[in-house]
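Structure record follows, encoded as structure tokens.
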Amino acid sequence: MISNREFDVIIWGATGFTGSLVVEYIYNNYKNKSLKWAIAGRSIEKLNKVRLNFADDTIPIISANSDDLASLQSMVKRTKVVCTTVGPYALYGSNLVKACVESKTNYCDLAGEVQWIRKMIDHYHQKAKSNNVKIVNCCGFDSIPSDMGVYFIYKNALKLNKTICKIEMRVAGAKGGISGGTYESLSNVNKEALKDKEIFKTVINPYGLNPNGEQSGPDKHDLRKVKFDKTSNNWISPFIMAAINTKIVRRSNALSGYLYGKDFEYDEATLSGKGFNGRLKGILMSIPIAIVMLAKPGSMIKKIVDKILPSAGEGPSKKDRENGYFNLRFYVTYKDGSNSVAKVTGDMDPGYGSTSKMLSESAVCLAVDQLNGSNGVITPSIAMGENLLERLKNNSGLTFNIKHL
């Protein structure tokens, strides 16, 4: 990354719902600090409205278009970091990554699209490494709590001189629905996977985002049914974000040189409770996930789901965002047979409130912190490690705790 740039951060997609939340967060938390930032998008008129509603007229505005590579290149050359909320990234993100890699500009996004991230790895990882650029995907609810949660547990294990054997993440509670952008991205993943067998293989491979030649290990496919979990002593059901989160955690392990271990095991699921009611709740919770994941493009079921779920650019009220939360438990087994339970929580709804704060702090971290030398198409923990962990705890409303049993 080149240090002498006009801006520290440009927020790309500032006129979208999540983008406007990022603008609001950066303005409220960094307006009296030395951060130099701007907002960008296609429409000057809409950018002016965002600036009026969420910031002030001192914030610079930049016009560019995701289909116009030259306009993107002109934009990214002006900043140290591009922070983008424009998805689905498979449709609108590739040119921006290309421009950032070529212009030696760091980048962070909210992508949870396995097939697109794989494509970016194959196309740009080596060049980004050569150019000393950090291209960091998954800087929202997918997959920072999972990736940084495991990183936190690993750092704690080092202090205790323990070696991790297995981590089982369980969603203990969450309030806040799936975002319109996330649903649109999931729909596009399914659409592409149905058309292309290679994409389908990548999506279902537990190690699909690992470096080439390192795409195997002890983990199997993500949970697809309701079952009793002896570790948590609860019934568990599938977690819709496991498909991306688990792969990001495994990529972090591989990129670190397998600091978690070559035989490290990791999975995710949702706690549904004990007894008959727990099992029934798990079944009921699984039905919407199955419908979303299995609804084929153009089908009547897909059309019904499209009407029920929010569209991209839509989101909950400020009150609903502030009343949301998430609570994740990480059941840790060490090689010596001992155990711990770690907990990661967020103080706002996961899809919008917490996500916008996590992405914002990722962007600022990439722009102003002294980070390690890891470059390429990489994960949050590999790119930012301890610096990001401290920002999440101090600024983003996340907590990281661990109890040894």
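The values are calculated or read from the model by the stated rules, or taken from the named source; none is laboratory data. As the structure is a prediction and not an experimental result, all values here were calculated from the model. Glycine gets a Cβ as well: all are built from the backbone with ideal geometry, and neighbour counts include every protein chain shown.
Taking region 21-39, which residues are modelled with pLDDT of 95 or more and of a type in the set (Gly, Ala, Ser)?
Ala38
Consider Asn95 carefully, then state whether it is surrounded by fewer than 22 Cβ atoms within 10 Å (Cβ to Cβ), in the same structural domain as Phe17 (by TED's automatic domain parsing), in a helix (DSSP H, G or I) and not acidic (Asp, Glu). Before you say what the answer is, go through the steps one by one.
Details: surrounded by fewer than 22 Cβ atoms within 10 Å (Cβ to Cβ): yes; in the same structural domain as Phe17 (by TED's automatic domain parsing): yes; in a helix (DSSP H, G or I): yes; not acidic (Asp, Glu): yes.
The answer is yes for Asn95.
Out of Asn394, Asn401, which single residue is in a strand (DSSP E or B), free of Cβ contacts under 8 Å to residues at least 60 places away in the same chain and of a type outside the set (Phe, Trp, Tyr)?
Asn401
Filter region 22-67 down to the residues that are aromatic (Phe, Trp, Tyr) and farther than 23 Å from Gly87 by Cβ and list them by number.
Of everything in region 22-67, just one residue is aromatic (Phe, Trp, Tyr) and farther than 23 Å from Gly87 by Cβ, namely Tyr30.
Quick check on my filter: what residues within region 103-129 are among the polar types (S, T, N, Q) and in a loop (DSSP other than H, G, I, E, B)?
Correct list: Thr105 only.
Since Lys175 meets every condition but one in (1) at pLDDT 95 or above; (2) among the charged types (D, E, K, R); (3) touching a strand residue (DSSP E or B) at 6+ places or on another chain (Cβ under 9 Å), which condition does it not meet?
(1)
Do you know which residues across region 130-177 are part of a loop (DSSP other than H, G, I, E, B) and surrounded by fewer than 22 Cβ atoms within 10 Å (Cβ to Cβ)?
Matches in region 130-177: Asn131, Asn132, Asn161, Lys162, Thr163, Gly177.
With the structure loaded, tell me whether Arg279 is in a strand (DSSP E or B), of a type outside the set (Gly, Ala, Ser) and assigned by TED's automatic domain parsing to the domain that holds Pro218 or whether it fails that test. Talk me through it step by step, then tell me what you get.
Numbers: in a strand (DSSP E or B): no; of a type outside the set (Gly, Ala, Ser): yes; assigned by TED's automatic domain parsing to the domain that holds Pro218: yes.
No; evaluated as a whole, the condition is false for this residue.
If you check every pair at least six apart or on different chains, which have Cβ atoms under 6 Å apart with a residue in region 6-32 that is among the aliphatic types (A, V, I, L, M) first and a residue that is buried (at least 24 other Cβ atoms within 10 Å of the Cβ) and assigned to a loop (DSSP other than H, G, I, E, B) second?
Here the result reads Val23/Ala14, each pair linking region 6-32 to a residue that is buried (at least 24 other Cβ atoms within 10 Å of the Cβ) and assigned to a loop (DSSP other than H, G, I, E, B).
Determine, yes or no, whether Pro316 is part of a loop (DSSP other than H, G, I, E, B) and either surrounded by 15 or more Cβ atoms within 10 Å (Cβ to Cβ) or touching a Cys at 6+ places or on another chain (Cβ under 7 Å) (or both).
Taking the combined requirement at face value, the residue satisfies it.
Can you tell me which residue in region 28-75 is surrounded by the fewest Cβ atoms within 10 Å (Cβ to Cβ), limited to those that are assigned to a helix (DSSP H, G or I) and among the hydroxyl-bearing types (Ser, Thr, Tyr)?
Residues of region 28-75 that are assigned to a helix (DSSP H, G or I), as a first pass: 28-30, 44-54, 69-75.
Next, from what is left, pick out any that are among the hydroxyl-bearing types (Ser, Thr, Tyr): 30, 71, 74.
Numbers: Tyr30: 18, Ser71: 18, Ser74: 15.
Step by step, filter region 28-75, then rank; the result is Ser74.
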